[in-house]
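To keep things clear, I will list the structure first and then write my remarks on it.
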Protein chains: 2
Amino acid sequence: MKSKEKLMRKFDEGKHICVGLDTDVNKIPPHLKDRDDALLEFNRIVIENTIDGAAAYKLNLAFYEQYGLEGLELMKKTLALIPDDILTIGDAKRGDIGNTSSMYAKAIFDELNFDAITLHPYMGFDSVEPFLEYQDKLHFVLALTSNKSAADFEKLKLESGKYLYQQVIEKVNDWNSKGNCGIVFGATQLEELKNNIESFGDLVVLLPGIGAQGGSLEDVVTAFSDKNNLNYLINVSRGIIYCDMTLNFGDKVKSVLENYNTIINKLISTNS
Amino acid sequence: MKSKEKLMRKFDEGKHICVGLDTDVNKIPPHLKDRDDALLEFNRIVIENTIDGAAAYKLNLAFYEQYGLEGLELMKKTLALIPDDILTIGDAKRGDIGNTSSMYAKAIFDELNFDAITLHPYMGFDSVEPFLEYQDKLHFVLALTSNKSAADFEKLKLESGKYLYQQVIEKVNDWNSKGNCGIVFGATQLEELKNNIESFGDLVVLLPGIGAQGGSLEDVVTAFSDKNNLNYLINVSRGIIYCDMTLNFGDKVKSVLENYNTIINKLISTNS
């Protein structure tokens with residue numbers, strides 16, 4: 001199944017949460033820490049309890065790369081635990097000259113077998129094109145990110161009157177001829193989100209920044225509902241996977257995700 | 001020794017070439033291909049023959065990541081072959097929100113033990129800061145890249161009248177309070193290079209794009225010499241490592257690098 005199709009089916013089921021597997025040995029429940037396979041077991045329990053409610057999973061590659069070879073093994077074993085009908089995003093934020101981007105695409109899509117990736121736009125089209133050639137995959141290009149320093153460059157005003165991130169969104173729309181593009185837009189950037197939703201066109205929007213980073217789930221869902229757009233994926237990492245430190249954290253993880261889904265669907269039906 | 005110091009000593013010796021170990025199984029000499037350790041043996045021969053002439057080595061992470069676990073092993077074993085007094089650059093082009101950038105920094109500097117890294121500026125200061133906290137390492141931020149699509153965003157004109165890449169250079173100068181920053185500037189962008197050298201300040205400049213990508217060694221060296229700036233590192237990958245396909249390719253690699261160094265030093269002394 002095409003990556004975008006996987007996601008659309010979840011959207012049709014009213015699922016919009018992407019579970020961020022930002023797995024960190026310093027943050028997992030203490031009772032798991034002494035196990036040899038502590039991180040894999042943690043991921044296994046999180047996945048088992050979120051399969052029914054998640055629209056997608058996002059693995060932040062940095063969290064795995066910090067452990068070297070073991071981290072790469074962990075990432076592969078984690079991906080093997082995720083059912084084939086749920087989208088997996090390699091949050092890799094790659095982007096390089098053409099022949100190098102081809103190698104990164106090979107690493108993420110052929111070697112690790114992710115369904116989707118996140119990309120830096122800075123170097124322009126030819127740095128993104130080798131990824132887009134993987135037509136059945138989904139490619140989320142950074143537009144406006146959730147961090148404070150997004151103001152340094154992304155929010156610079158261009159001579160044309162547009163902001164840099166708006167120019168990126170316009171270009172990604174141009175690059176979307178195969179329907180396999182998306183953008184990353186920070187859930188913390190509410191005013192900008194409201195003012196730009198209509199420029200997103202058919203692009204799938206991945207929104208990080210809910211919870212620990214300060215973005216509001218309700219505000220984001222309402223902003224999209226107001227424009228009759230259901231094409232969005234809200235990432236939650238710490239707010240779900242580290243919600244509880246007890247022996248039964250799996251149950252808590254499950255109910256936290258269910259609660260997010262209930263809130264989202266109530267808001268969607270109120271606004272429709 | 002601090003990374004910058006390693007490099008400065010090489011500059012003092014008149015060495016400005018960074019050997020790019022973009023090792024690709026499809027491009028190495030045929031006689032090596034059947035060996036189990038073909039890529040490591042290829043890197044070993046290249047390193048052995050360039051130790052005397054190289055100012056630095058750059059490993060493009062994509063070329064290694066495409067081979068998964070084996071690629072990571074290869075990268076570690078390759079780094080172990082490089083003498084400690086020569087700078088090693090992890091050409092990783094990373095950049096993410098703060099806590100994620102910290103993990104990438106850990107992966108590149110603690111796990112792999114590179115001396116330097118390349119970074120995407122798009123997300124701004126807080127995406128770069130966790131790297132800069134590794135004070136003894138060197139951090140090359142992308143300014144103007146060598147690829148054609150650099151025009152898509154990097155060369156956009158801002159409301160202020162500056163181009164985006166110029167704003168990046170200005171910011172990186174601000175971020176350089178610990179003297180551990182550099183920039184990446186494409187050797188193919190000659191006019192922009194000539195017009196901006198004076199804005200580089202104390203930043204070390206890494207220049208890819210010589211050879212296969214069309215940049216001219218002579219033009220780049222002359223541009224820097226004209227401004228009495230010796231703070232630059234010219235990357236050559238394909239032009240050195242794939243210069244010969246015979247059993248004696250190591251000798252050829254050595255002489256090609258020596259030839260580059262001769263040209264550079266002739267140009268520097270002519271212009272000084």
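The values are calculated or read from the model by the stated rules, or taken from the named source; none is laboratory data. Model, not experiment: these values are computed from the prediction. Don't worry about glycine lacking a Cβ; one is built from the backbone with ideal geometry, like all the others, and counts go over all protein chains shown.
Summary table below
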{"item": "Any hit, the range B:251-266, residues being touching a helix residue (DSSP H, G or I) at 6+ places or on another chain (Cβ under 8 Å), of a type in the set (A, V, I, L, M, F, W, C) and free of Cβ contacts under 8 Å to residues at least 40 places away in the same chain", "result": "yes"}
{"item": "Segments classed as helices (runs of 4 or more DSSP H), wholly inside the range B:190-272, with at least 2 members that are among the small types (Gly, Ala, Ser) and out of contact with any strand residue (DSSP E or B) (no Cβ under 8 Å at 6 or more places or on another chain)", "result": "B:217-226, B:249-271"}
{"item": "Pairs, first within 15 Å of B:Gly186 (Cβ to Cβ) in the range B:229-248, second in a loop (DSSP other than H, G, I, E, B) and β-branched (Val, Ile, Thr), C-beta under 9 Å, six or more apart", "result": "none"}
{"item": "Filtered residue count, the range A:122-155, keeping only those that are free of Cβ contacts under 8 Å to residues at least 60 places away in the same chain, more than 7 Å from chain B (Cβ to nearest Cβ) and within 25 Å of B:Asp126 (Cβ to Cβ)", "result": "6"}
{"item": "Residue count for the range B:109-121, restricted to those that are modelled with pLDDT of 95 or more and facing another protein chain (nearest Cβ under 7 Å)", "result": "2"}
{"item": "Qualifying residue in the range B:190-197 (condition: free of Cβ contacts under 8 Å to residues at least 40 places away in the same chain, crowded, with 16+ Cβ neighbours inside 10 Å and within 26 Å of B:Ile51 (Cα to Cα))", "result": "no"}
{"item": "Which listed residue is over 20 Å from B:Tyr104 (Cβ atoms) and of a type in the set (Ser, Thr, Tyr), from B:Thr78, B:Thr88, B:Thr50", "result": "B:Thr50"}
{"item": "Filter pass, B:Gly182 being away from chain A (no Cβ under 14 Å), in a loop (DSSP other than H, G, I, E, B) and among the small types (Gly, Ala, Ser)", "result": "no"}
{"item": "Considering residues of the range A:52-77 that are under 17 Å from A:Phe114 (Cα atoms) and either touching a His at 6+ places or on another chain (Cβ under 8 Å) or not in a helix (DSSP H, G or I) (or both) only, the residue nearest to the other protein chains (Cβ to nearest Cβ)", "result": "A:Asn60"}
{"item": "Residue list for the range A:206-222, restricted to those being surrounded by fewer than 22 Cβ atoms within 10 Å (Cβ to Cβ) and away from chain B (no Cβ under 14 Å)", "result": "A:Ser216, A:Leu217, A:Glu218, A:Asp219, A:Thr222"}
{"item": "Cβ-Cβ under 8 Å pairs, at least 6 apart or on other chains, the range A:156-172 side within 9 Å of chain B (Cβ to nearest Cβ), far side buried (at least 21 other Cβ atoms within 10 Å of the Cβ) and of a type in the set (Phe, Trp, Tyr)", "result": "A:Leu164/A:Phe153; A:Leu164/B:Phe153; A:Gln167/B:Phe153; A:Val168/B:Phe153; A:Lys171/B:Phe153"}
{"item": "Subset of the range B:109-140 (residues that are buried (at least 21 other Cβ atoms within 10 Å of the Cβ), more than 15 Å from the chain's Cα centre (by Cα) and not in a loop (DSSP other than H, G, I, E, B))", "result": "B:Ser127, B:Val128, B:Phe131"}
{"item": "Flag for B:Val25 being within 12 Å of chain A (Cβ to nearest Cβ) and outside any helix (DSSP H, G or I)", "result": "yes"}
{"item": "Cβ pairs under 7 Å, 6+ apart, first in the range B:210-221 and at pLDDT 95 or above, second not aliphatic (A, V, I, L, M)", "result": "B:Leu217/B:Tyr260"}
{"item": "Flag for A:Ser3 being polar (S, T, N, Q) and closer than 29 Å to B:Asn26 by Cα", "result": "no"}
{"item": "Test result for B:Leu203, in contact (Cβ under 8 Å) with a residue 24 or more places away in the chain, buried (at least 20 other Cβ atoms within 10 Å of the Cβ) and in contact with a Lys or Arg (Cβ under 6 Å, 6 or more places away or on another chain)", "result": "no"}
{"item": "Those residues of the range A:95-108 which are at the interface with chain B (Cβ under 7 Å from one of its Cβ atoms), under 19 Å from the mean Cα position of the chain (by Cα) and touching a residue at least 12 places away in the same chain (Cβ under 8 Å), in sequence order", "result": "A:Gly95, A:Tyr104"}
{"item": "Selection within the range B:150-162 - crowded, with 21+ Cβ neighbours inside 10 Å and more than 12 Å from A:Gln167 (Cβ to Cβ)", "result": "B:Ala150"}
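One line per residue, one yes/no per condition, for (1) free of Cβ contacts under 8 Å to residues at least 60 places away in the same chain; (2) under 16 Å from the mean Cα position of the chain (by Cα); (3) surrounded by fewer than 17 Cβ atoms within 10 Å (Cβ to Cβ); (4) within 23 Å of A:Ala105 (Cα to Cα):
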{"position": "A:Asp22", "(1), (2), (3), (4)": "no, yes, no, yes"}
{"position": "A:His31", "(1), (2), (3), (4)": "no, no, yes, no"}
{"position": "A:Glu41", "(1), (2), (3), (4)": "yes, no, yes, no"}
{"position": "A:Leu59", "(1), (2), (3), (4)": "yes, yes, no, yes"}
{"position": "A:Ile82", "(1), (2), (3), (4)": "yes, yes, no, yes"}
